[in-house]
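For reference, the structure is listed below as structure tokens.
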């Protein structure tokens with residue numbers, strides 16, 4: 001291009017230098033004006049092309065450095081879920097997928113410029129379609145836009161009772177929850193969770209024990225399987241944080257064994273402070289110097305009642321045949337650990353079972369209405385503790 005420009009500008013001077021000597025006197029110079037016009041047109045075209053190229057390049061570069069973003073506050077309504085532990089980038093990607101913001105960077109740039117963005121809470125939010133990143137951030141920080149459908153699942157509920165609570169809250173039938181929970185491994189529970197230290201096979205893995213009790217914000221669009229999977233994910237997160245498998249190994253047990261004991265502690269302990277002690281009693285009975293090496297806990301009998309749609313009973317109301325029914329796989333006289341957990345224990349029960357306090361206790365009984373228990377390894381002292389409980393109106 002530079003050579004062409006030089007030739008265009010130098011056309012006339014070169015002509016004079018080359019041809020002046022050969023031109024006859026009186027002969028008119030022809031074509032000079034025409035060539036000048038042509039040269040001028042070439043220059044205009046070339047400069048025009050160069051200018052267009054520069055403008056196109058500038059436009060492309062400017063587009064490269066400008067973050068794609070919608071303008072304004074958007075329109076319509078859409079719900080977006082912010083999950084526990086989501087980063088600004090995770091949230092941004094969810095917003096892009098729902099067409100709330102035009103690009104992830106539009107949102108992350110807005111979040112980086114606002115320290116309050118660190119306070120975005122997990123949950124489901126009502127937002128608008130095609131909002132600017134800044135407008136989306138503003139709506140996420142306003143709790144009025146959070147879809148509040150919190151469902152509290154208490155510690156110690158069985159899977160059956162948990163599904164009934166979920167049915168009340170979501171109107172999803174219990175049968176759908178039962179179907180969703182039919183294959184625990186498909187829900188993400190590793191198969192090593194269903195191993196026992198006594199070598200016995202877990203005949204049919206169940207969801208019992210793996211539905212972590214907590215308050216859950218349930219998206220109106222979730223299915224039964226979405227809800228069950230969320231509870232299982234929470235269980236796996238909490239037990240991972242507790243290093244549950246490592247602590248079970250330190251006890252020479254499997255995580256499943258310890259989960260079973262955690263469920264027993266959750267059912268038997270009247271106060272949080274006693275969870276670890278009850279777990280220790282269970283271990284001492286199963287693996288220590290206890291005549292039957294059985295649990296002898298009435299809560300296992302009640303679990304069998306619940307599975308068979310029978311009303312649960314207080315210990316004093318159970319008959320001898322109910323307490324020691326040989327057909328009951330959760331028989332309190334059964335040697336060794338029972339087949340499965342009997343409920344879904346909370347974090348403190350899991351902690352207590354995974355790292356129980358040292359003690360040689362074999363017996364315990366609640367001695368006051370607060371639920372506090374007295375622990376001992378002496379059967380005579382245990383009888384005296386029971387008398388205290390009677391005097392306090394507990395037994």
Neighbours by Cβ (under 6 Å, 6+ apart or cross-chain): first from the stretch 222-241, free of Cβ contacts under 8 Å to residues at least 60 places away in the same chain; second part of a helix (DSSP H, G or I): 224/176; 224/177; 224/180; 225/180; 228/180
Those residues of the stretch 348-374 which are assigned by TED's automatic domain parsing to the domain that holds residue 316, surrounded by fewer than 19 Cβ atoms within 10 Å (Cβ to Cβ) and within 24 Å of residue 214 (Cα to Cα), in sequence order: 348, 355
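So which of 331, 377 ends up being in contact with a strand residue (DSSP E or B) (Cβ under 9 Å, 6 or more places away or on another chain) and either under 15 Å from residue 280 (Cβ atoms) or not assigned by TED's automatic domain parsing to the domain that holds residue 280 (or both)?
Of 331, 377, the one residue that is in contact with a strand residue (DSSP E or B) (Cβ under 9 Å, 6 or more places away or on another chain) and either under 15 Å from residue 280 (Cβ atoms) or not assigned by TED's automatic domain parsing to the domain that holds residue 280 (or both) is 377.
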Test result for residue 296, on the phi > 0 side of the Ramachandran plot and either assigned by TED's automatic domain parsing to the domain that holds residue 196 or in contact with a strand residue (DSSP E or B) (Cβ under 8 Å, 6 or more places away or on another chain) (or both): yes
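Among the helices (runs of 4 or more DSSP H) confined wholly to the stretch 101-211, which include 1 or more residues that are outside the structural domain of residue 84 (by TED's automatic domain parsing)?
In the stretch 101-211, the matching helices (runs of 4 or more DSSP H) lie at 159-170, 174-180.
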Criterion violated by residue 164 - all others in (1) over 20 Å from residue 299 (Cβ atoms); (2) surrounded by fewer than 19 Cβ atoms within 10 Å (Cβ to Cβ); (3) free of Cβ contacts under 8 Å to residues at least 40 places away in the same chain satisfied: (1)
Which numbered condition residue 247 misses (of (1) buried (at least 18 other Cβ atoms within 10 Å of the Cβ); (2) over 30 Å from residue 287 (Cβ atoms)): (2)
Helices (runs of 4 or more DSSP H) contained entirely in the stretch 297-355, each with at least 1 residues that are modelled with pLDDT of 95 or more and within 20 Å of residue 155 (Cα to Cα): 298-307, 347-354
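The values are calculated or read from the model by the stated rules, or taken from the named source; none is laboratory data. Here the structure is a predicted model, which is why all the values come from computation and not from measurement. For neighbour counting, all protein chains shown are included, and Cβ atoms are generated from backbone atoms with ideal geometry for every residue, glycine included.
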